[in-house]
Amino acid sequence: VQLQASGGGLVQAGGSLRLSCATSAISFSISDLAWYRQAPGEQRELVANNTEEGNYYTADSVKGRFTISRDNAKKMVFLQMNRLKPEDSGVYYCNLRTPTHLDYWGKGTQVTVSS
């Protein structure tokens, strides 16, 4: 299973970006999807996820600013990021967890927010 993330870039504080992640995973519609991020020198952290049951989680640090969504027909997951802050900078990774709890990761896309 391969995941391809895109949409990162350089943006000023207060701006917006929309990350996309495409996959050909057969089990996409019954898999949990998530976005993680990792800043330099920091551990990878969960930003948001969407379970196949339709449950959502968003980290407190991005709540009200970031929204995860999915398109099962296109096998894509998105992360809409609004009112970006410099502390949101990092490499963002999409994650797919299958019903058998196998984890797959995309290569990541860099997000840099300038102050």
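Not counting ligands, DNA or RNA, and with a 1.4 Å probe, what is THR67's accessible surface area in Å² rounded to the nearest 10?
80
For LYS75, give me every one of the aspartates and glutamates with a C-alpha distance below 18 angstrom, ignoring sequence neighbours fewer than eight places off in its own chain.
ASP32, GLU52, GLU53, ASP103
Along the principal axes of its C-alpha atoms, what lengths does the chain span, in descending order and rounded to whole Å?
Principal axes ranked by extent give 41, 25, 25 Å for the Cα atoms.
Say each of GLU53 and ARG83 gets a label point 7 Å from the Cα, pointing the same way as Cα to Cβ; how far apart are those two points in nm?
3.0
Can you pull a Stokes-Einstein diffusion coefficient for region 19-80 at 10 °C (1.306 mPa s), Rh from Kirkwood over Cα pairs, as a whole number of µm²/s?
Taking Rh from Cα pairs, D becomes 130 µm²/s.
Using DSSP, restrict attention to beta bridges with both residues in the chain and report what percent are antiparallel, rounded to the nearest 5.
Just about 90 percent of them are antiparallel.
In nm, give the distance between the simple-model label positions of ARG18 and TYR104, each being 7 Å from the Cα along the Cα-to-Cβ direction.
Going from the ARG18 label point to the TYR104 one covers 2.4 nm.
With charges only on Cβ, +1 for K and R and -1 for D and E, what is the dipole size of the chain about its Cα centre, in debye, rounded to 20?
300
Taking the chain as a Gaussian network, Cα atoms linked when under 10 Å apart, which of SER20, SER61, SER31 shows the biggest mean-square fluctuation?
Between SER20, SER61, SER31, it is SER61 that shows the largest mean-square fluctuation.
The values are calculated or read from the model by the stated rules, or taken from the named source; none is laboratory data. From a predicted model like this one, the values you see are computed outputs, not experimental measurements. Quick reminder, even Gly has a Cβ in these numbers, built from the backbone with ideal geometry, and neighbours come from all protein chains shown. With ligands, DNA and RNA removed, areas are computed over all heavy atoms of the protein, side chains included. Shrake-Rupley method; radii C 1.70, N 1.55, O 1.52, S 1.80 Å.
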